[in-house]
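First up is the structure itself, then whatever we jot down about it.
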Amino acid sequence: MIGVERTPISWARPWRAGPWFVVLVPAMTALAIATVGTALAGDSKLMPPALSSARYVGDDECAACHEDLLPAHESGYHGGIEPFQAPQGQTGCEACHGPGSAHAESTEAGDIVNPATANAALVAELCLGCHRNDGLDGHEHSEHALGDVSCAGCHEVHGSQEPGLLQAAEPELCAGCHQDVRDQMFLPSHHPVPEGKMVCTDCHDIHRGGFQGQLVGEAPNELCFSCHANKQGPFVYEHDPVIEDCSICHSAHGAVANSLLVQNEPFLCLQCHQAHFHATLQGIEGEFESLEGYGGVSHRDSAKQAMLTKCTQCHTEVHGSDLPSQSISGGGGALTR
Amino acid sequence: MRRKSTCAVFFCGLALASSGLVWAGEEPEGSQLEGTARLGSHVSAVQDLLGRVREYDQGREELQPDLMLELFGYSGWSRMAFEVDYDDEDVLQLGADVEVGKYVDAEFAHRSFIHHLDHDRLGNLNWREYVGTGDQGQDLPGGKMVTHDDTDPYGKYSVRYSDTRQSVEVAIPHLPGTTLKGSYRDQVRSGTRQTTGVDHCSNCHVRSHGAIVEEQTRDVGFLLATVRDRVAVSYEFGARDFANKAEPTRNHFQQARHPVNGGSAEEFASRLNYDNATLVVSDAPDVEKRTHTVRASVDLPKSQTARGAFSYSKTTNLDANLELTANSAALGWAAPLNEKARVTASFSRRQLENDPVDIDMKNWREGRAGGGQDFDYTRESVYDRVEMTGTAKLRYALRPGHTLGLEYRFRSIDRDNLELDPDDPTETQTVQNRIRGTWNGRLSAGMRSRAAVEYEMTSLPFVNVDGICEDGIGDTIDPMEGQPNNWIYYFQRERYGTGAAAPNKALRLEANLSRNLGPKASGNVYLNAASEKNDDLNLFDFERTTYTAGLSAYLVPNEKVVFAGGGSIGKTSSSAVFCATVMDG
């Protein structure tokens with residue numbers, strides 16, 4: 001029934017040569033960026049001026065005044081950082097708060113960095129010094145960074161019982177600002193977030209932002225396929241909007257219609273397709289039987305009920321299929337099998 | 001066998017840690033171990049008929065045990081945390097995180113739950129055509145009809161979803177900031193679901209089956225990352241294998257025959273790819289995907305940062321031998337202009353190529369008068385495309401706690417094989433321009449608000465060209481030169497209307513206000529609105545208007561008790577043309 005026409009490898013399309021070639025080129029580019037970046041690297045533009053001449057004084061100096069913060073800090077993740085784990089080489093309080101000598105002498109709040117109240121961009125700069133490779137490269141482009149949401153807005157850096165030092169568990173933490181999304185999760189059709197089977201970060205890469213937006217993966221559809229791999233394809237018979245964007249038909253946060261559809265069948269389908277002509281026909285009033293022995297009770301509007309209730313009763317494979325449908329006139333692509 | 005392999009990565013990490021290779025330096029003294037246990041039971045009074053209510057609930061009406069255990073401890077440089085949340089054998093959450101010797105971090109997480117699925121009774125599929133009234137006033141039935149049967153009428157469908165993730169991250173000794181990470185994810189969907197199949201042209205008969213679901217997706221990942229001074233570089237490899245292990249469901253496609261006289265098999269069989277055969281239906285193919293990603297980012301002078309990423313992936317449909325390749329590249333730059341203003345710019349490009357497929361069809365009405373036309377064709381993929389996205393964002397701090405944002409986004413999707421303009425078949429490119437303004441403000445202590453307005457213009461958005469509304473019978477439709485009824489079956493090729501669910505103009509508004517009502521209470525109110533329109537269609541204007549608003553409040557008297565209340569209201573209205581063809585014109 002089907003055959004595949006292979007495109008020969010061409011140096012006009014070098015990515016056809018295989019993954020090693022296409023990995024090598026960007027790797028060389030990355031190396032070049034790294035070399036130039038190291039040569040150009042300079043001081044922070046966001047650090048308070050008072051810190052430019054300050055020096056590191058060590059945790060004992062901090063503990064002299066902030067003894068109450070030490071227990072939680074020392075038993076927490078950041079309290080146990082060793083020098084080899086810190087790319088910048090600095091550990092302890094001053095790894096995040098900056099050199100403390102000026103503050104220790106003046107006790108002025110402005111003479112040291114306080115991530116809880118500081119400019120979000122400065123806080124990010126401090127945290128990314130160590131965490132840039134923890135899925136945080138590109139944080140500056142994320143909606144949170146641009147919305148002035150600081151790292152300390154979600155994380156309790158001194159210590160937390162929640163994973164990732166979060167201030168609260170998901171999804172409650174996210175719902176604090178995104179109440180509208182939380183409400184959608186309570187619509188009749190939803191992902192099992194309210195039931196505690198999923199969390200927001202299963203889909204949202206809130207730090208990095210992926211290639212487009214804050215969704216995990218190369219593109220929104222790739223994100224969906226990470227769990228719904230049976231709809232991934234590629235298929236012989238395609239349904240165009242599935243390739244285009246899952247959100248044309250589905251509302252991921254929640255919907256009134258089943259299967260997270262943005263609109264009930266058949267109205268969703270009829271926005272791009274027309275109805276079968278049978279839908280305009282009348283039905284008999286009474287019982288009937290087919291030649292094969294199947295039967296039922298028909299009414300005047302039964303044709304509309306049959307043809308305009310749920311398209312997917314017959315077109316079951318709306319996400320795509322390798323199996324040809326029965327009708328020749330539809331090119332086998334009616335997605336009924 | 002699977003249970004053994006799913007823990008392999010996690011235990012490899014522990015073995016590596018315990019081998020002594022990762023211990024270095026002087027280990028600090030001190031240890032602590034604490035745990036929490038909770039025993040209880042739960043019961044559900046949800047009836048079977050309320051399927052949507054108990055969609056993710058076991059719904060068992062007998063008493064069930066409930067067990068939760070948490071264990072946390074550290075000794076020297078080593079830390080561990082374990083978590084067990086057990087409802088029953090199908091609903092379970094496990095978690096483990098073990099850090100040993102500062103060099104190894106092994107994580108394990110497992111969750112499983114039941115997803116109850118609907119059972120469509122197909123009760124709407126009863127119809128026989130009315131063609132007039134007889135002498136006695138009775139209805140005269142026609143030949144067209146719709147019937148159904150359910151081969152599994154008492155079937156209760158559900159799928160157990162199981163997701164196991166584990167990873168081991170190793171900090172390479174003597175290379176500060178350099179880590180190796182291996183990960184493994186195993187998803188299994190097993191259970192039964194409903195599948196329906198229609199055997200066409202022997203009347204419309206829909207048959208329902210209970211189908212076995214046995215699907216497994218395995219993701220293996222490898223990451224090498226290093227941070228040195230102000231530069232971070234990483235390489236990541238991902239391998240995904242999706243296997244459909246279920247015995248395929250089969251449907252019998254009855255012998256095609258005329259619905260009225262029943263005898264003339266050729267009349268309908270000559271328009272079908274197959275009939276009188278039992279064939280596999282609804283069978284998802286096995287798929288493998290391999291992904292290579294390189295990322296680099298660098299801190300530049302004056303708090304600027306630049307990032308770049310490149311990804312290559314190949315996805316293969318193993319059943320049909322189809323290959324889809326994707327190349328994605330992204331560049332980004334961010335910089336503070338001064339203490340109040342910050343600017344970012346990014347660009348990404350993504351190219352997809354999918355194999356074309358030669359479709360070998362039976363000839364149209366072979367052996368019949370006017371028939372014999374060759375319907376073979378090549379399916380060119382809609383995947384084939386180049387997508388480009390560019391964004392520029394500016395954020396300006398009006399004063400502490402108050403920021404204004406302005407964003408511009410350009411997006412282009414140039415498809416090789418999807419027509420978008422009925423007047424120009426060569427036009428395949430969608431171009432979208434969007435501008436968005438945002439405001440974030442801390443109005444007072446504990447009161448925060450957000451507002452955004454967005455306007456989007458799209459040239460040639462995704463549509464279905466010639467997807468709806470057929471032309472009336474005319475002299476132009478006569479593909480078989482006067483053969484009886486020939487035009488009926490070509491009629492659908494004379495559609496002239498463009499259907500759409502995507503706007504070419506959109507205005508969207510968002511507003512949110514939240515207030516802490518003391519240290520243990522908060523309230524939130526929001527309003528979202530959107531007006532979307534496509535007035536570039538040849539038959540009608542597509543319009544969609546959406547309003548949603550909500551109000552909620554939380555009271556947390558202590559960490560064990562949370563009171564939450566709220567309500568939301570939403571209204572969506574859309575208008576589009578409804579096209580139904582008329583038999584025989």
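Laboratory data are not the source of any read-out in this text; all were calculated from the coordinates shown. Everything numeric here is computed off the predicted structure, so don't read it as measured data. A quick note on method: Cβ atoms are made from the backbone with ideal geometry, for glycine too, and the neighbour counts reach across all protein chains shown.
Data overview
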item: Long-range HN-HN contacts of A:Gly333 with modeled amide H, under 5 Å; result: A:Ser325
item: Isotropically averaged projected area of the stretch B:366-451, using the convex hull of Cα atoms (one quarter of hull area), nm²; result: 11.0
item: Rule-of-thumb Rg ratio for chain B [Cα; 2.2 N^0.38 Å; N residues]; result: 1.25
item: Relative frequency of Cα-Cα separations exceeding 15 Å in the stretch B:105-201, percent; result: 77
item: Long pairs among A:Lys310/B:Lys289; B:Lys181/B:Lys245; B:Lys393/B:Lys505; A:Lys231/B:Lys314; A:Lys231/B:Lys144, criterion Cα-Cα beyond 23 Å; result: A:Lys310/B:Lys289; B:Lys181/B:Lys245; A:Lys231/B:Lys144
item: Shielding by other protein chains, A:153-159, mean Cβ within 10 Å; result: 0
item: Positive-end residue, chain B charge dipole about Cα centroid, Cβ charges, pick of B:Tyr554, B:Tyr86, B:Pro141; result: B:Tyr554
item: Principal-axis tilt of helix B:8-18 within chain B, Cα atoms, nearest 10 degrees; result: 10
item: Among B:Gln255, B:Val431, B:Ser270 the positive-end extreme of the charge dipole of chain B (Cβ point charges); result: B:Val431
item: Ranked list, fewest to most other Cβ atoms within 10 Å of each Cβ, for B:Arg409, B:Arg271; result: B:Arg409, B:Arg271
item: HN-Hα J in Hz across the stretch A:265-270 - Karplus 6.51, -1.76, 1.60, θ = phi - 60°, x for Gly and Pro; result: 5, x, 4, 4, 5, 6
item: Neighbourhood net charge (12 Å Cβ-Cβ; Lys/Arg +1, Asp/Glu -1) for B:Trp439; result: +3
item: Average beta carbon contacts from partner chains per residue of B:354-365, 10 Å cutoff; result: 5
item: Space enclosed by the convex hull of the alpha-carbon atoms of the stretch B:202-291, per residue, Å³; result: 144
item: Spatial separation of Cα centroids for the stretch B:516-540 and the stretch A:239-300, in angstrom; result: 29
item: Surface/4 of the Cα convex hull for the stretch B:258-366, nm²; result: 13.0
item: For the stretch B:279-284, Karplus couplings with θ = phi - 60° (6.51, -1.76, 1.60), whole Hz, Gly/Pro x; result: 10, 5, 10, 6, 10, 5
item: Förster radius 25 Å - calculated FRET efficiency between A:Ser247 and A:Phe186 (Cβ-Cβ, nearest 0.05); result: 0.80
item: Built amide H within the under 5 Å cut-off of A:Gln282, gap 5+; result: B:Tyr130
item: Virtual paramagnetic centre 7 Å along Cα→Cβ of A:Asn114, amide N under 18 Å, in the stretch A:145-178; result: A:150-159
item: Separation between Cα centres of the stretch A:136-159 and the stretch A:94-130, rounded to whole Å; result: 16
item: Furthest towards positive pole of dipole, B:Leu539, B:Ser297, B:Ala329, structure part chain B, Cβ charges; result: B:Ser297
item: Peptide-level mean, for A:117-127, of C-beta atoms on other protein chains within 10 Å; result: 3
item: Between the stretch B:124-159 and the stretch B:282-302, the alpha-carbon center distance in angstrom; result: 51
item: Overall form of the stretch B:317-465 per C-alpha gyration tensor (a/c, 1.5; a/b vs b/c); result: prolate
item: Amide H within-cut-off set for B:Ala580, under 5 Å, with H built and near neighbours excluded; result: A:Ala275
item: Extended-chain gain in nm, criterion 0.36 nm per residue less alpha-carbon gap, B:Ser41 and B:Asp229; result: 62.3 nm
item: Principal axis dimensions, the stretch A:221-330 - Cα atoms, whole angstrom, descending; result: 50, 33, 22
item: Under the Karplus curve 6.51 cos²θ - 1.76 cosθ + 1.60, θ = phi - 60°, whole-Hz ³J(HN,Hα) for the stretch B:344-353, x wherever Gly or Pro sits; result: 9, 9, 8, 9, 9, 9, 9, 10, 10, 9
item: Kirkwood Rh and Cα Rg combined as Rg over Rh, evaluated for the stretch B:156-200; result: 1.44
item: Kirkwood Rh and Cα Rg combined as Rg over Rh, evaluated for the stretch A:105-170; result: 1.00
